[in-house]
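Let me begin by presenting the structure, written as structure tokens, before commenting on it.
The values are calculated or read from the model by the stated rules, or taken from the named source; none is laboratory data. Computed from a predicted structure; not experimentally measured. Note: ideal-geometry Cβ built from the backbone for every residue, glycine included; neighbour counts use all protein chains shown. The area values use the complete protein model at the heavy-atom level, side chains included, leaving out ligands, DNA and RNA. Shrake-Rupley method; radii C 1.70, N 1.55, O 1.52, S 1.80 Å.
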Amino acid sequence: MVQPSALSGGARQARPRTPRVLLAELPFRAARMPSLAFGLLKALGQREGFQVDVAHFDLHFALRFTGMSAYSFVADAADGGLGEWIFSEAVFGDGAPRGAHGRSFGEYLAARDLDAEQIELVERLRAMVPAFLRHCEATVDWSAYDLVGFTTTCSELTPALALARRLRARHPHLRFLLGGAQCEGEMGEEILARFPEIDYVFSGEADVSWPRFLHAWSPEGVEPIPGIFSRDAGAAEAPRRPAPRAQLDTLPTPDYSDYFRCLGELGGGSDDVLLMIEGSRGCWWGEHSHCTFCGLNGTMMAYRQKDPERVVGEIEELVERHRHFQFSFADNILDYDAHKDLLPLLADADYPLKLFAEVKVNLKRPQLELMQRAGIDSIQPGIESLSTSVLALMRKGVNALQNVQLLKWSEELRIVVFWNLLMGFPGESDDDYAVMLDLLESVTHLQPPQVATPLRLDRFSPYYTEARAAHDGEGASPFRLRGPAESYFHTLALPPESIERLAYHFEYDLDIEMPEERMREVRAFVERWRDGYRPQSLVSLVGRDFLRIDDRRFNRVARSYTFGPREKAIYLACGEITTAKSVAATVALEAHGGFDVGAKQVGAFLDSLVGERLVAREGSRYLALAVPWDPAYRNFFDLVTRNGARPFETQPPAGVPEAARQEPVHAG
């Protein structure tokens with residue numbers, strides 16, 4: 001059996017302090033993205049002189065048991081409770097729920113539009129869990145550790161409980177820790193109260209409380225530490241004092257060495273791996289205007305950022321350490337001033353970086369171009385809707401035309417856009433959806449949303465807070481809480497009041513009538529859009545004295561348009577959102593002597609193109625929709641195809657390995 005010292009990356013202490021810690025990544029995290037939290041906790045612990053290793057059991061499950069496609073299918077559907085249900089029987093045994101709300105879990109999945117093959121896959125994965133848990137136990141010398149830590153991201157609770165329960169029975173000296181998004185506040189307190197396998201629950205940020213805990217811990221327990229729920233005597237009140245927040249510039253570079261070691265030993269490729277990097281925490285927009293549906297930040301909305309040079313230095317350190325160039329910013333939102341400091345530094349870096357970032361929609365074209373030069377080739381801009389009225393209900397601070405403009409510019413710059421279309425906000429009208437459907441017909445050459453879906457009610461969101469207050473008789477809300485999402489009752493054998501305290505997702509009714517038929521039309525159209533979308537299906541080709549536009553959108557009859565010099569100048573002047581008056585002024589000032597054309601004439605011409613769906617209009621503002629023809633664009637199609645095989649894919653294993661029959665590998 002490999003000794004734990006072999007698991008540690010970087011410099012090791014000759015005589016490491018106790019406790020000795022193993023952090024275990026479990027299904028169903030995104031296996032192609034090692035945990036930033038664990039990378040930081042490992043680095044923080046090692047900086048203080050402790051032995052901290054990371055076991056990537058999620059990779060073991062994906063590459064030795066399920067195959068990456070099956071694993072990713074479950075991981076991507078985390079809010080449906082698939083992963084939690086797969087491990088629930090290993091936690092509750094014969095007491096595991098056999099159904100809830102009058103139907104089986106399979107019937108629940110069918111109601112969520114999973115087909116019979118997908119449901120059978122989920123059931124097959126559940127049957128693999130006992131062998132997987134045996135495998136986890138056999139691959140590590142557990143006697144070499146004192147503490148075992150797990151994390152949750154509003155899921156992964158039952159996998160952690162299942163492994164902790166098995167290990168506690170066989171290695172009673174171990175103590176188990178849990179942290180992550182599902183441990184904040186009363187959720188963490190309830191986990192500790194209901195599951196004796198867990199000894200400590202970290203609520204909130206752990207950058208300060210973690211090193212303090214390691215220094216204070218002994219088998220006899222620890223004194224109260226703010227931010228940590230504990231079974232130790234006298235520690236019960238500590239989490240009611242929030243965990244201290246670290247200065248981000250004092251944090252070490254995350255350590256992903258165990259991940260790459262494990263990936264190599266399991267024979268997985270790294271082409272599709274994204275390393276998480278952190279430039280900020282909180283949300284600067286949420287501080288100003290908390291989006292009504294967003295529950296991401298909990299009590300940690302306050303925005304803080306790292307020094308840009310520090311961020312670039314960490315990226316360079318990780319590139320040199322792991323020979324890897326693909327990163328994802330963990331930030332909720334890229335800093336508003338990033339184009340002044342961080343992005344120029346990244347653009348000047350001597351590396352071929354590929355970066356993902358979450359951004360705000362109201363970017364200017366030069367800012368987006370700078371992002372591209374900096375290596376950001378995929379973004380999540382929080383578009384959420386193509387109705388200005390609905391966006392106002394969300395408190396997004398942008399309008400529909402701005403959203404379309406970002407989609408258009410991203411198409412031109414070959415930046416992949418991940419976005420969802422959310423529906424069902426109180427105050428929506430039939431007219432809102434009629435206007436949106438009309439706009440959707442015009443933008444099918446741009447990248448479609450991943451999904452069109454009803455609003456979800458999440459803990460910590462303003463909508464949830466108002467609904468909870470109304471439920472308790474304190475105020476009014478159009479949301480009438482029905483209780484936690486159904487998936488929790490299929491996976492947790494707990495009293496309803498306990499599930500209420502543990503849940504992050506909630507079900508509700510609305511006390512107002514909603515435009516249900518229009519919402520169904522939007523969902524159906526988005527499905528057609530996703531099936532029919534292809535890049536470069538509405539393109540402009542510019543000649544010296546003419547403009548040609550080729551329209552090959554799936555929802556339009558194929559047609560080409562040719563315009564002369566004046567119309568060409570007008571159309572090109574609408575490359576960003578503008579008005580007829582501004583276009584007339586721009587055209588009159590052109591270097592060729594300009595054209596004597598008034599705003600009324602410009603407006604009439606642009607309105608005719610709105611009718612042909614070559615221009616989008618909202619009020620008095622216009623936006624040309626065609627993108628420049630780019631013969632290299634066919635390669636981009638591979639990037640935006642949603643259902644293609646990923647480079648990280650491996651062939652499904654021939655069979656489930658039996659831990660007792662194979663040589664153990666180290667937990668890295």
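Tell me which cysteines of the chain come out unpaired when the rule is another cysteine's Cβ under 4.7 Å.
That list is C136, C154, C183, C262, C283, C574.
Of V435, S328, F213, which is farthest towards the positive pole of the chain's charge dipole, taken about the Cα centre with +1 and -1 on the beta-carbons of Lys, Arg and Asp, Glu respectively?
Going by the Cα projections, it comes out as S328.
Output the pairs from K42/K340; K306/K360; K42/K306; K340/K581 with a Cα-Cα distance over 27 Å in this structure; if there are none, say none.
On the way: K42/K340 32 Å; K306/K360 19 Å; K42/K306 20 Å; K340/K581 32 Å.
Too far apart for the 27 Å limit: K42/K340; K340/K581.
For the range 89-121, which trypsin sites (Lys or Arg not before Pro) are both in a DSSP coil and crowded by at most 11 other Cβ atoms within 10 Å? Let's see the in-between values first.
Values: sites: R98, R103, R112; in loops: R98, R112.
Within the range 89-121, the qualifying trypsin sites (Lys or Arg not before Pro) (loop, at most 11 other Cβ atoms within 10 Å) are R98.
Once amide H atoms are built 1.01 Å from N in the peptide plane, which residues 5 or more positions from V416, or in another chain, come under 5 Å H to H?
HN-HN under 5 Å from V416: S378, I379.
What full-extension length gain, to one decimal in nm, is calculated for F546 and S289 as 0.36 nm per residue of separation minus the Cα-Cα distance? Could the numbers behind the result be given before it?
Working: separation 257, 0.36 × 257 = 92.52 nm, distance 4.56 nm.
Fully extending the segment from F546 to S289 adds 88.0 nm.
Relative to the longest principal Cα axis of the chain, at what angle does helix 430-440 sit, 0 to 90 degrees, rounded to 10?
Relative to the chain, helix 430-440 is tipped by roughly 80 degrees.
If you filter the range 266-312 for chymotrypsin sites (Phe, Trp or Tyr not before Pro), then keep DSSP loop positions with at most 16 other Cβ within 10 Å, what is left? Show your work: numbers first, answer last.
On the way: sites: W284, W285, F293, Y303; in loops: F293, Y303.
Within the range 266-312, no chymotrypsin sites (Phe, Trp or Tyr not before Pro) qualify (loop, at most 16 other Cβ atoms within 10 Å).
Probe 1.4 Å, all protein chains in place: accessible area of T18 in Å², nearest 10?
Using a 1.4 Å probe on the heavy atoms, I get roughly 90 Å².
Using only Cα atoms, find the angle between the long axis of helix 82-92 and the longest principal axis of the chain, and express it within 0 to 90 degrees, rounded to the nearest 10.
10
Just need log10 I(q)/I(0) for the chain at q = 0.07, 0.10 Å⁻¹, Debye formula, equal scatterers on the alpha-carbon atoms, no solvent, rounded to two decimals.
Rounded to two decimals, the profile gives -0.51, -1.01.
Note down the magnitude of the dipole of the chain about its Cα centre, charges +1 on Lys and Arg C-beta and -1 on Asp and Glu C-beta and zero elsewhere, to the nearest 20 debye. All intermediate terms of the calculation are to be shown ahead of the outcome.
Working: 72 positive and 94 negative charges, 194 e Å.
In debye, rounded to 20, the chain gives about 940.
Just the accessible area for H171, please: 1.4 Å probe, Å², rounded to the nearest 10?
Counting only protein heavy atoms, the figure is 40 Å².
Report, to the nearest 10°, how far helix 157-170 tilts away from the longest principal axis of the Cα atoms in the chain, using its own Cα long axis and a range of 0 to 90°.
Taking the Cα atoms of the chain, the angle to 157-170 is about 20 degrees.
Would you mind getting me the FRET efficiency between L437 and R480? Use the beta-carbon distance for r and R0 = 41 Å, nearest 0.05. Mind dumping the intermediate values first?
Working: r = 28 Å, r/R0 = 0.69.
So, using R0 = 41 Å, E works out to roughly 0.90.
Taking K and R as +1 and D and E as -1, what net charge do the other residues with C-beta under 14 Å from the C-beta of V557 add up to?
On the way: positive: R552, R553, R556, R559, R613; negative: E441, D550, D551, E612.
Cβ neighbours under 14 Å give a net charge of +1.
With every protein chain kept in place and ligands, DNA and RNA left out, what is the accessible area per residue of the chain? Probe 1.4 Å, answer in Å².
Values: 27490 Å² over 668 residues.
Roughly 41 Å² per residue, with all protein chains present.
Go ahead and run the numbers for FRET between N420 and L589, Cβ-Cβ distance against an R0 of 35 Å, rounding to 0.05. Please list the in-between numbers first.
Values: r = 41 Å, r/R0 = 1.17.
Approximately 0.30, to the nearest 0.05.
If exposed GluC sites (Glu not before Pro) are those in a DSSP loop with at most 16 other Cβ within 10 Å, what is the longest stretch of the chain that has none?
On the way: sites that count: E48, E220, E237, E441, E474, E513, E576, E590, E612, E649, E658.
For GluC sites (Glu not before Pro) (loop position, at most 16 other Cβ atoms within 10 Å), the longest site-free span of the chain is 238-440.
Given a 1.4 Å probe and heavy atoms of the protein chains only, how would you sort S620, S487, largest accessible area at the top?
Numbers: S620 75, S487 5 Å².
The ordering from most to least exposed comes out as S620, S487.
Among D335, D58, what's the order by accessible area (1.4 angstrom probe), most exposed first? It would help to have the intermediate numbers written out before the result.
On the way: D335 30, D58 0 Å².
Ranked list, largest accessible area first: D335, D58.
With all protein chains present, how much of the accessible area of the range 456-613 (probe radius 1.4 Å) comes from carbon and sulfur, to the nearest whole percent? Numbers along the way, then the final one.
Values: 3950 of 7890 Å².
So the carbon and sulfur contribution to the accessible surface is 50 percent.
Using only helices, what value at 222 nm comes out for the chain when you add -39,500 (n - 2.57) per DSSP H run of length 4 or more and divide by the total residues, to the nearest 500 deg cm²/dmol? List each step's numbers first, then the result.
Numbers: 25 runs with 249 residues, N = 668.
Helix contribution divided over all residues of the chain: -11000 deg cm²/dmol.
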